[in-house]
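Chemist: Mind looking over this structure? Questions follow.
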Amino acid sequence: MDCDVVIVGGGPAGLAFARSLEDSGLSIVLLERAPLEALASPRFDGREIALTHGSKRILEQLGAWGRLPAEEIAPMHAAKVVNGDSPFSLNFTASKEDDQLGYLVPNHRIRAALYNAVKHQPGLRLVTGAEVVHARSGATGPRAEVLLSSGEVVRARLLVVADSRLSRTREALGIEADINPLGRSMMVMRVQHELPHGQTALEWFDHRQTLALLPLNGNLAGAVVTLPEDAARRVAAFDDAALGRDLTRRFRQRLGRMEVVSDRNIYPLVTTWAHQFVSGRAALIGDAAVGMHPVTAHGFNLGLSGQALLATEVRDAVRRGMDPAMPAVLRRFENGHRAACKPLYTGTNLLVRLFTDERLPARAMRHAVLRLGAGLPFVRPTVRAMLTH
């Protein structure tokens, strides 16, 4: 297979990038390891994605937003960050220009909407069940190459890696990355609760656990419990009734009695940062470039904005009759995306280290941070603007 662009990974970033190149005149091959059924009808995986206004605009431009079930789009009007029993908290509300901070949409619905947007796209070939065993970036030649387990080779002028934060394609290209297993797992599920949530998200750094409630429509919320891996597995083994009682206790009945109304899913937490976002004729997007800690709920949004930036650079090069993978094109993408990601990645990691450290000095420090943040008038607008747009 020869093409202009080969994309490894049919997740949201890979699908969005393929869609972003619609009408560019480029021939595209998208390789996905999972079978076609998993792309066309992704299963519920418990992850509720907090989309910024910028991400909504991107999904609208891609023709995906209108394909989302309206009843699955939940507005988020406010967010609250608390620490243990501290009386201080950080509260974020929408700006005067916006009706809400953002939108909560199930991950599997976004994936399905993006797949439906691209499935009949001219010039795009979807190859599912495709296992990548090796890749070359084409640094010294006119083509990058991807070798599949079937023995087939895909050659392209541009290789885009969008598979995962533990990307084997990134490794095959010789791109090093900081990979940080955190020894904790995130358990996610949907719960029904007695008291209204007021469309307010809660992030609660409690002792030896981190909790979150993501407000959906009605008295429904996405519950997130982050625990050491062994503890997470033990709790996930509870039956629905016992798990509902456990969650009610953990959240101290903030929303009254909780009842589990979905499957529960566990995700071991790993953060990653690729040392390079480009190499030769290859570029990294999505989690292959940056794997964020979920506490700020911003990794998905960075994946969308990163693919949009790369697509803009590639389309501009094509309009000018230039090679879409020429060094100047990919370097502009890398510089722009790294500048957007680095402050959030670094700040999120510092936040997690501070608010999960159980030593007394750290506990005193985070109490002081919340008190200071609640009192300074510029803190909340600055953080709100960074996280919503």
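The values are calculated or read from the model by the stated rules, or taken from the named source; none is laboratory data. These numbers were taken from a predicted model, which means no experiment stands behind them. Every residue, glycine among them, receives a Cβ derived from its backbone with ideal geometry; neighbour counts consider all protein chains shown. The area values use the complete protein model at the heavy-atom level, side chains included, leaving out ligands, DNA and RNA. Shrake-Rupley method; radii C 1.70, N 1.55, O 1.52, S 1.80 Å.
Chemist: Check Leu39, Leu26, Leu59, Leu104 and return the single one that is touching a residue at least 40 places away in the same chain (Cβ under 8 Å) and assigned to a strand (DSSP E or B).
Modeler: Within the list Leu39, Leu26, Leu59, Leu104, the selection yields Leu104.
Chemist: Just name the residue that is nearest to the chain's Cα centre (by Cα) out of those in region 97-106 that are within 15 Å of Gly54 (Cβ to Cβ) and open to solvent by 10 Å² or more (accessible area, probe 1.4 Å). Even if it seems obvious, please write down each step before you answer.
Modeler: The initial filter retains those residues of region 97-106 that are within 15 Å of Gly54 (Cβ to Cβ), namely 97-98, 100-103, 105.
Going one step further and asking which of them are open to solvent by 10 Å² or more (accessible area, probe 1.4 Å), we end up with 97-98, 100-101, 103.
Working: Glu97: 25, Asp98: 23, Gln100: 20, Leu101: 17, Tyr103: 14 Å.
Among residues in region 97-106 that are within 15 Å of Gly54 (Cβ to Cβ) and open to solvent by 10 Å² or more (accessible area, probe 1.4 Å), the one nearest to the chain's Cα centre (by Cα) is Tyr103.
Chemist: Go through region 288-298 and give me each residue that's over 26 Å from Ala328 (Cβ atoms) and in contact with a Ser or Thr (Cβ under 7 Å, 6 or more places away or on another chain).
Modeler: Within region 288-298, Gly291, Met292, His293, Val295, Thr296 qualify.
Chemist: Report, ordered by the first and then the second residue, all pairs with beta carbons closer than 7 Å, sequence separation of six or more or different chains, a first member in region 235-253 that is open to solvent by less than 30 Å² (accessible area, probe 1.4 Å), and a second member that is part of a helix (DSSP H, G or I) and among the charged types (D, E, K, R).
Modeler: Val235/Asp246
Chemist: Which of the following residues is part of a strand (DSSP E or B), charged (D, E, K, R) and open to solvent by 70 Å² or more (accessible area, probe 1.4 Å): Arg125, Arg109?
Modeler: Selected residue: Arg125, the only one of Arg125, Arg109 that is part of a strand (DSSP E or B), charged (D, E, K, R) and open to solvent by 70 Å² or more (accessible area, probe 1.4 Å).
Chemist: Regarding Asn91, is this residue at pLDDT 95 or above and in contact with a helix residue (DSSP H, G or I) (Cβ under 9 Å, 6 or more places away or on another chain)? Walk me through how you get there before you give the answer.
Modeler: On the way: at pLDDT 95 or above: no; in contact with a helix residue (DSSP H, G or I) (Cβ under 9 Å, 6 or more places away or on another chain): yes.
Answer is no for this residue.
Chemist: Moving on to the next point. Here are some conditions: (1) in a strand (DSSP E or B); (2) in contact (Cβ under 8 Å) with a residue 40 or more places away in the chain. Gly198 meets all but one. Which one does it not meet?
Modeler: Every listed condition holds for Gly198 apart from (1).
Chemist: Another question, if that's okay. Under 7 Å by Cβ, and 6 or more places apart or on different chains, what pairs join a residue from region 218-232 that is more than 11 Å from Met186 (Cβ to Cβ) and open to solvent by 10 Å² or more (accessible area, probe 1.4 Å) with one that is of a type outside the set (Ser, Thr, Tyr) and assigned to a strand (DSSP E or B)?
Modeler: Asn219/Gln192; Asn219/His193; Leu220/Arg190; Leu220/Gln192; Pro228/Gly183; Pro228/Arg184
Chemist: Looking at Glu48, is it surrounded by 22 or more Cβ atoms within 10 Å (Cβ to Cβ), within 16 Å of the chain's Cα centre (by Cα) and of a type in the set (Asp, Glu)?
Modeler: yes
Chemist: Glu32: without any contact (Cβ under 8 Å) to a residue 12 or more places away in the chain and either within 17 Å of the chain's Cα centre (by Cα) or within 20 Å of Ile285 (Cβ to Cβ) (or both), yes or no?
Modeler: no
Chemist: If the requirement is being farther than 30 Å from Leu21 by Cα, of a type in the set (A, V, I, L, M) and under 17 Å from the mean Cα position of the chain (by Cα), which of these qualifies: Ala236, Ala212, Ala232? Give the derivation first.
Modeler: Details: Ala236 fails: under 17 Å from the mean Cα position of the chain (by Cα); Ala232 fails: under 17 Å from the mean Cα position of the chain (by Cα).
Among Ala236, Ala212, Ala232, only Ala212 is farther than 30 Å from Leu21 by Cα, of a type in the set (A, V, I, L, M) and under 17 Å from the mean Cα position of the chain (by Cα).
Chemist: Something else: Does Thr140 satisfy the condition of being among the hydroxyl-bearing types (Ser, Thr, Tyr) and either open to solvent by less than 30 Å² (accessible area, probe 1.4 Å) or in a strand (DSSP E or B) (or both)?
Modeler: No.
Chemist: Shifting gears a bit: Among the numbered conditions (1) of a type in the set (D, E, K, R); (2) under 22 Å from Gly10 (Cα atoms); (3) assigned to a helix (DSSP H, G or I), tell me where Glu145 comes up short.
Modeler: (3)
Chemist: How about region 149-173: which of its residues are open to solvent by 10 Å² or more (accessible area, probe 1.4 Å), of a type outside the set (Lys, Arg) and more than 22 Å from Asp323 (Cβ to Cβ)?
Modeler: Answer for region 149-173, where residues must be open to solvent by 10 Å² or more (accessible area, probe 1.4 Å), of a type outside the set (Lys, Arg) and more than 22 Å from Asp323 (Cβ to Cβ): Ser149, Ser150, Gly151, Glu152, Asp163, Ser164, Leu166, Glu171, Ala172.
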